[in-house]
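The values are calculated or read from the model by the stated rules, or taken from the named source; none is laboratory data. Just so we're clear, the structure is a prediction, and the values are computed from it rather than from any experiment. Every residue, glycine among them, receives a Cβ derived from its backbone with ideal geometry; neighbour counts consider all protein chains shown. Surface accessibility is based on the protein's heavy atoms, side chains included, excluding ligands, DNA and RNA. Shrake-Rupley method; radii C 1.70, N 1.55, O 1.52, S 1.80 Å.
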Amino acid sequence: MFAVVFILHVRFPKAGIFVDSFGPVPARCFSWAHMADVPQVPTLSIPEVKLSSSSGGRNMPVIGMGTAADPFDETALKEAILEAISVGYRHFDAASLYKSEKPLGEAIAEAIKFGFIASRDELFITSKLWCTDAHPDLVLPALKNSLRMLQLEYLDLYLIHWPLSAKPGKIGFPVPKDEQLAMDFNSVWAAMEDCLRFGLTKSIGVSNFSCKKLENILSFATIPPSVNQVEISPLWQQQKLREFCKSKNIVLTAYSPLGAKGTRWGTNEVMDNETLKEIANAHNKTVAQVCLRWAFEQGLSFVVKSFNKERMRENLQIFDWGLSLDDYKKINEIKQRRLLPKLAMVSPHGPFKSLEELWDGEI
C-alpha cells in the first residue's frame, strides 16, 4: 500500500471519520497588472502521496490542477496557473497533447520571479508521452522537448498517455483511425525507464491502462509504474482497478473527477447528479467538493481544472470534513458507467477493434 504523507498532522480519514483537521488559508486578491508588488501568498498545506518508484523526487500532492483547456487560450491558461499557485496548488498536470507545457513553464518562471514560490522544487509537474511519440527511439526526444517547452531540467512524473502508438508525426486528437498502431510495450517502457535513470524525470507511470495492461507492464518492468491516471468519479468508481493498483503499490490518479463539464469531451452527469446534490446540500458543500472528498477518502490522488478563482479555492477546501456512512450508502447505489469511453481510440485498422478490447472488459 502506498504511503500518504500529511502535512500539519492531517491523517488519512476513514469513511465518516476525520481527525486532526485544519482550516483553509484565504488567498490574497490581486491584480495581474501589479503582480510585482504582491508578496508571497500563504498557501494551504495539502496531503501528499509518496510514489513507490520515485528517484529522489518530492512527494505528490493529492490534488493537482489539470491543464487540458477547451477552448485553448494560452494567456488565460497561464494566468489561471499563476492564480492556482497563489492560492496553494503545487501539483500541475500537463501533456504535449494539451499544448499546455509552454504556458505552464512561463507561469512557473513568473511565479518564482514574483515570489509566489521560492523555486521550481516546490512544485510537482507531470507531463505525458503522446501516441505519435510512443516508439522506443522517440520517447527520450519527446521528453526533452517537453522539458524545453516547460523551461525545466526535470519532471516529477512522466506518463504514457494511452496504451496505443500512432504513426510518428503531428501531435493531435483524435488519432486518425488508419494511423493507430499497437504499442511495443516492452521497448517503450524500457525507454521510459531510461528517462528516469538519466534524471529527466523523478517517476514514471501510465494513463488509461486497464488491470490487464498493467499486469503486462509489471511482468517485465525493471522499474514498475508509480501511477496510473484514469477516469474516476462517483459515477465510475473503478472498484476492480482500485483494488488491483492498491495490491501492486500503484497510485491511482483520477482525471475528470467532476466529469469535465463544459468541454467537448466531457459530461454534465456528475455535477447534475441528484444524489450528489443531496449529499452536498446536507454538508453545506458543493457537488465538486463532495466528489473530491470522496476521491480523497478512497486513497486517490486527482486532477481538477477550473479557471474560476473561487472554485479553485473551494476545491482545496475538502480536507477538514468527512462523508458519513449514510453518504457512502447513497454513493454506492449510484449506477456505474464509464462516462468517457473514448471511441476515438477504437479503429478497425488499429490494435483495439472495440471498447471491450481497449478497456479489457472494464466498461
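Observations
- Taking the square roots of 5 times each eigenvalue of the Cα gyration tensor of the stretch 112-266, largest first, gives ellipsoid semi-axes of 23, 21, 18 Å.
- Thr263, Thr253, Thr286, reordered so the largest accessible area comes first (probe 1.4 Å): Thr286, Thr263, Thr253
- Each part reduced to its alpha carbon centroid, the stretch 207-280 and the stretch 282-307 end up 14 Å apart.
- Rounded to the nearest 20 debye, dipole of the stretch 48-359 from Cβ charges on Lys, Arg, Asp, Glu: 260 debye
- Rounded to the nearest 0.05, the FRET efficiency derived from the C-beta distance between Lys277 and Ser187 at R0 = 41 Å is 0.30.
- Value at 222 nm in deg cm²/dmol, rounded to 500, when DSSP H runs of n ≥ 4 in the chain each add -39,500 (n - 2.57): -9000 deg cm²/dmol
- Put simply, the amide H of Ile160, placed in the peptide plane, has neighbours under 5 Å in Leu129, Gly205, Val206, Ser207, leaving out anything fewer than 5 places away on its chain.
- Accessible surface of Leu300 - all protein chains present, 1.4 Å probe, nearest 10 Å²: 10 Å²
- Length-normalised contact order for the stretch 242-302 - Cα pairs under 8 Å, 6+ apart - percent: 34 percent
- With K and R counted +1 and D and E -1, the other residues having a Cβ less than 10 Å from that of Met312 yield a net charge of +1.
- Cut-off 14 Å between beta-carbons: net charge of the residues surrounding Leu214, Lys and Arg +1, Asp and Glu -1: +2
- Within the stretch 163-273, percent of DSSP bridges classed antiparallel, to nearest 5: 30 percent
- Counting Lys and Arg as +1 and Asp and Glu as -1 over every other residue whose Cβ lies under 10 Å from the Cβ of Leu147, the net charge comes to 0.
- Helix runs (DSSP H) in the chain reaching 24 Å along axis by Cα, Kyte-Doolittle at least 0.0: none
- Given the choices [x] 0.94; [y] 0.99; [z] 1.11, Rg/Rh (Cα atoms, Kirkwood Rh) derived from the coordinates of this structure is entry [x].
- Over 19 Å between alpha carbons, listed pairs Lys212/Lys248; Lys177/Lys240; Lys212/Lys246; Lys50/Lys102; Lys50/Lys309: Lys177/Lys240; Lys50/Lys102; Lys50/Lys309
- Residue-normalised accessible area of the stretch 216-363, expressed per residue, 1.4 Å probe, Å²: 43 Å²
- Magnitude of the charge dipole for the stretch 233-363, about its Cα centre and with charges confined to Cβ atoms of Lys, Arg (+1) and Asp, Glu (-1), is about 340 debye.
- The accessible surface of the stretch 48-359, taken with every protein chain in place and a 1.4 Å probe, is 50 percent carbon and sulfur.
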